[in-house]
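For reference, the structure discussed in these notes is given below.
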Amino acid sequence: MRILREILTVLGLCIILSSMVASAADFTLGIYGNANMDDTIDDQDIAFVKDVLSGAKSATNLTDANYDGKIDEKDIDQINQIIDGTEKKLVVQDDAGDTVAIDMPVASAITGDRSHAEAVRAIKATDKIIAVTKGIEDQPVFFPELSKLPSVASEYGKDPDYEKILQLKPSLYLTSPPASVSEDKKNLPKVAVLSLRLYEPAGFEERVLKLGYVFDKRKEAERYIQWHESVIDNIRDKIRKSPQQSLPKLLLISVYDSGVINVHTNRSGAGQILEEIGVKTLGDTLMGTHPELDPEWVLSQDPQVILLFGFPESVIRGYNTDDYSMMKAYREKFMNDSRFVNTEAVKNGRVFLLDSKSMSYSGSYIIGIAYMAKMFYPELFSDMDPQEVHREYLGFQNLDYDLAKHGAFAYPRL
């Protein structure tokens, strides 16, 4: 009987351990002190360092918690401080491949673009932000508080005013391409310059959690990540379980003021967003990220759904308007275009416009995923309201905005 109990105990432990592995995040948190290279810094990292000191395990790239070039008891002290939130310095790996030492706690920070601003706001750390960039300044409806702060660069953090930044004396400057990250680091030598590509779906969770450690908002970051993952997982699982023959042929394009039309391949930003839910587009067979559209190719592919992921700036949309009339008029004009008029998508009225700027250049891509899932697979997602996902996202943004009354984001309206 005792042997049976022991067997059952071992089996129970195996089940618990397997479920823990299954639920673990699939990324390594790039912060020194994450000695065992998982997705958090906790007591297991202390145990790992002790094993390294005893010779039982080999050091990893992140074992040197205080980044002083050696593994010793001071690394255990540093890990304890990180766990307690009392560390004086935090050393992180950024998306430029650099190691960045940040004085803690962060006293003030500047956000280089809206992807940083939205992530910082989602984890409730905007009280640390002292300056922004023009892309945020020009969006007073979406950024009612942050838009009032000084602007130190043009949109996306390009053309920064380094003199102005240095005068503000931030302890942290968040940056990412298309800004010149190397120039930012070169011209801000006394500032911790951290490059985080928070507009990319791949690696989004790790970057947000990293911000949670940097701003000492871990619980808030974990809550935001959990919500983000659950929405995407639910959509992805439904599509994955759907018969392939029921999935329509999708064409994603952007139309510019010049009249040029580019196709989004799965290597483009929009394509990467769709990769998150396992969706391929017709553009996946083309070279590059945004090849120019060939009318003959469009006819040969005969798309069943066409999404204008981008369209001329003259067509007003987004948070700053409540009027869909311009989107409606532009859609009608597009559907009469000789290059598309004979496609199945146009014949069946399955041509959509999406305000990608409001839902793709940041963690807001999750809103775009919800709207696109509904556009592409209306029967499959008949019980899903993309506006509800949109509302929940705005809740994380602490933004009081009534989607039932305001905004123009997707047309035809879903």
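Worth pointing out:
- Using the Karplus relation 6.51 cos²θ - 1.76 cosθ + 1.60 with θ = phi - 60°, the per-residue 3J(HN,Hα) values for segment 87-99 come to 5, 8, 8, 10, 10, 10, 9, 10, 6, 8, x, 9, 9 Hz, with x marking Gly and Pro.
- Neighbour net charge for residue 201 - beta-carbon separation under 11 angstrom, K R +1, D E -1: -2
- Listed by chain and number, the aspartates and glutamates whose C-alpha is less than 18 Å from the C-alpha of residue 328, apart from same-chain residues fewer than 8 away, are 257, 313, 337, 355.
- Kyte-Doolittle at least -0.5, axis length at least 18 Å by Cα - qualifying DSSP helices, the chain: 2-23
- Counting neighbouring Cβ atoms within 10 Å and putting the fewest first, the residues 148, 374 line up as 148, 374.
- Value at 222 nm in deg cm²/dmol, rounded to 500, when DSSP H runs of n ≥ 4 in the chain each add -39,500 (n - 2.57): -11500 deg cm²/dmol
- GNM top mover of 382, 115, 182 - the chain, alpha-carbon springs below 10 Å: 382
- Positive minus negative residues near residue 261 (Lys, Arg vs Asp, Glu; Cβ under 11 Å): -2
- For the residues 149, 354, 211, a GNM of the chain with alpha-carbon springs under 10 Å puts the largest fluctuation on 149.
- When all alpha carbon pairs of segment 88-216 are counted in 10 Å bins from zero, the resulting P(r) reads 14, 51, 33, 2 %.
- Peptide packing: for 91-99, 214-222, 116-124, 170-178, the average count of neighbouring Cβ atoms within 10 Å per residue gives the ranking 116-124, 170-178, 214-222, 91-99, highest mean first.
- Using a cutoff of 8 angstrom between alpha carbon atoms and counting only pairs six or more residues apart, the relative contact order for the chain works out to 12 percent.
- The chain: most fluctuating residue of 155, 229, 137 per GNM, C-alpha cutoff 10 Å: 229
- Relative contact order, percent, segment 88-216 [alpha-carbon distance under 8 Å, six or more residues apart]: 26
Rule-based calculations on the coordinates, nothing more; no lab input. Every value quoted in this text rests on a predicted model; they were computed, and no experiment measured them. A quick note on method: Cβ atoms are made from the backbone with ideal geometry, for glycine too, and the neighbour counts reach across all protein chains shown.
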